[in-house]
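The values are calculated or read from the model by the stated rules, or taken from the named source; none is laboratory data. Here the structure is a predicted model, which means the values were calculated and not measured. Here the Cβ is made from the backbone with ideal geometry for all residues, glycine too, and neighbour counts use every protein chain on show.
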Amino acid sequence: MVSATFVYNVSQIAGIPAVPLLRYLEKRSTWIFVFYRLAMGVFLIVAVMAGWLQN
């Protein structure tokens, strides 16, 4: 059984990186994230086709 204190602490730790990310998104565009997702998708397709990763 997981205690409520543990759940609260984990949620607080997980929320820490969100604050700088939200500040970044308030001032800038989301295109960097679009590019990242496209680049990662291309890399994964190439890695699977080259046999670096198994399907």
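Quick notes
- Condition check for ALA4: small (Gly, Ala, Ser) and loosely packed, with under 10 Cβ neighbours inside 10 Å: yes
- Failed criterion for LEU22 (all others in (1) surrounded by 10 or more Cβ atoms within 10 Å (Cβ to Cβ); (2) assigned to a helix (DSSP H, G or I) hold): (1)
- Condition met for ALA14 (assigned to a helix (DSSP H, G or I) and at pLDDT 85 or above): no
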